[in-house]
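Where a number appears in this text, it was derived from the coordinates with a stated rule and is not lab data. Nothing here was measured: the structure is a model prediction, and the numbers come from that model. Note: ideal-geometry Cβ built from the backbone for every residue, glycine included; neighbour counts use all protein chains shown.
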Amino acid sequence: MLSSINFWMCFAGLIYLVAGVFVLRKEISAARGWDRLITLGCIFIAVPLAVFAPEHFGGPMGVPEMVPSWMPAHLFWAYFVGCSLFAAATSLTVRKFVRLSSTLLGLMFFLFVCMMHIPNALADPKNRFAWAYVLRDLSFAGGAWALAGLHSRASSPQLSKWMILFGRVVMGIAAIFFSVEFFLHPGFAPGFPLEKKTPLWVPFASAWGYLTGAILLAAGIGLALNKKSRIAAITIGALMTVLTLFLYLPIWILAHGGTTPEIMEAINYVFDTLLYAGAALVLASALPREPEHVE
């Protein structure tokens, strides 16, 4: 069952990646510099959503167990979230109903935080990983709502302002928290400060932890204080893109010699980090450009 789910996760991600690049091919070609990376933000969100969706159709295993115990019909909610992820991924890929889909996507991640991650963190407040999950999904919600705010400027300017503000502040606080975690625990794999340690084959493993912490700290302060905030968001997006390509993708490739659960874990790390990159990049697209200085 797990092997089959892994296949469909990868297949879905590939389909949405190809479709996303095809739909945005003109925008990607016309963009210059960092704007080209920003243009990929929606694709970096859509592909992980498509990857995670099949995981919710695995039957009475894994995902349904994460549904809060007080909610009825656990299997229904697992299937419902899977369908919602596919719907959001499709909307962001074909660039239709983006305001609606990104608003609902942000709401979904916010509900995950309120219903699952915060109760888990409060049950074990000394568990630093539990708080990392809280801020991870808040960052996802903030990125999605910043994208909704970008598409709401004409019709709802005040709501747009608050949605983008929420994304900027939440992502800034999360980046600062993550940076402190990497300064305290540099041996853990950079990106999100979660349970995985940097593999032994990575040279200067602790140095990468410290470097990630320093970048996230500077970017997080910029976002929180609204100083060079667009550059700060681009920096986080670029960092997470690099980590996806040059750390987590090789980990995924090397995991194919291991067990199916190890492959599943590697897939989740690849696309969690890519989703974080996408959230930061769509936030950057919603933030104002720095004024150009004329000599």
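Yes/no per residue for (1) of a type in the set (D, E, K, R); (2) in contact with a Phe, Trp or Tyr (Cβ under 9 Å, 6 or more places away or on another chain); (3) within 26 Å of LEU225 (Cα to Cα); (4) buried (at least 20 other Cβ atoms within 10 Å of the Cβ):
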position: GLY106; (1), (2), (3), (4): no, yes, yes, yes
position: MET115; (1), (2), (3), (4): no, no, no, no
position: ALA121; (1), (2), (3), (4): no, yes, no, yes
position: ALA141; (1), (2), (3), (4): no, yes, yes, yes
position: LEU147; (1), (2), (3), (4): no, no, yes, yes
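Within the range 8-34, being among the β-branched types (Val, Ile, Thr), under 20 Å from the mean Cα position of the chain (by Cα) and either surrounded by 22 or more Cβ atoms within 10 Å (Cβ to Cβ) or within 19 Å of MET240 (Cβ to Cβ) (or both) holds for one residue alone: VAL21. Do we have SER101 as assigned to a helix (DSSP H, G or I), within 29 Å of MET163 (Cα to Cα) and of a type in the set (S, T, N, Q) here? Against the criterion (assigned to a helix (DSSP H, G or I), within 29 Å of MET163 (Cα to Cα) and of a type in the set (S, T, N, Q)), SER101 qualifies. If you go through the range 35-49 one residue at a time, do you hit one that is more than 26 Å from ARG289 (Cα to Cα) and surrounded by fewer than 17 Cβ atoms within 10 Å (Cβ to Cβ)? Looking for residues that are more than 26 Å from ARG289 (Cα to Cα) and surrounded by fewer than 17 Cβ atoms within 10 Å (Cβ to Cβ), one finds none in the range 35-49, hence no.
If you go through the range 239-254 and keep only what is in contact with a helix residue (DSSP H, G or I) (Cβ under 7 Å, 6 or more places away or on another chain) and surrounded by fewer than 19 Cβ atoms within 10 Å (Cβ to Cβ), you end up with just LEU249. Going through (1) surrounded by fewer than 17 Cβ atoms within 10 Å (Cβ to Cβ); (2) polar (S, T, N, Q); (3) under 26 Å from THR103 (Cα atoms) one by one, ASN127 falls short only on (3). Among the residues of the range 198-236, the ones that are assigned to a helix (DSSP H, G or I) and either among the hydroxyl-bearing types (Ser, Thr, Tyr) or on the phi > 0 side of the Ramachandran plot (or both) come to 5 in all. Taken over the range 173-197, the criterion of being free of Cβ contacts under 8 Å to residues at least 24 places away in the same chain and crowded, with 17+ Cβ neighbours inside 10 Å is satisfied by PHE188 alone. Kindly indicate whether ALA219 is aliphatic (A, V, I, L, M) and in contact with a Leu (Cβ under 6 Å, 6 or more places away or on another chain). So ALA219 fails the test.
Quick one: would you say LEU216 is surrounded by fewer than 17 Cβ atoms within 10 Å (Cβ to Cβ), within 30 Å of CYS10 (Cβ to Cβ) and under 17 Å from the mean Cα position of the chain (by Cα)? No.
Scanning the range 152-172 for residues that are outside any helix (DSSP H, G or I) and out of contact with any Ser or Thr (no Cβ under 7 Å at 6 or more places or on another chain), we see that the one that is surrounded by the most Cβ atoms within 10 Å (Cβ to Cβ) is SER156.
The residues of the range 8-58 that are among the small types (Gly, Ala, Ser) and touching a helix residue (DSSP H, G or I) at 6+ places or on another chain (Cβ under 9 Å), listed by number, are ALA12, GLY13, ALA19, GLY20, SER29, ALA30, ALA31, GLY41, ALA46, ALA50, ALA53, GLY58. Listed by first and then second residue, the pairs with beta-carbon distance under 8 Å, at least 6 apart or on different chains, first residue in the range 34-51 and under 14 Å from PHE140 (Cβ atoms), second of a type in the set (S, T, N, Q) and surrounded by fewer than 24 Cβ atoms within 10 Å (Cβ to Cβ), are GLY41/SER285; PHE44/THR241; ALA46/THR90. If you check SER179, SER155 for being hydroxyl-bearing (Ser, Thr, Tyr) and out of contact with any helix residue (DSSP H, G or I) (no Cβ under 7 Å at 6 or more places or on another chain), only one passes: SER155.
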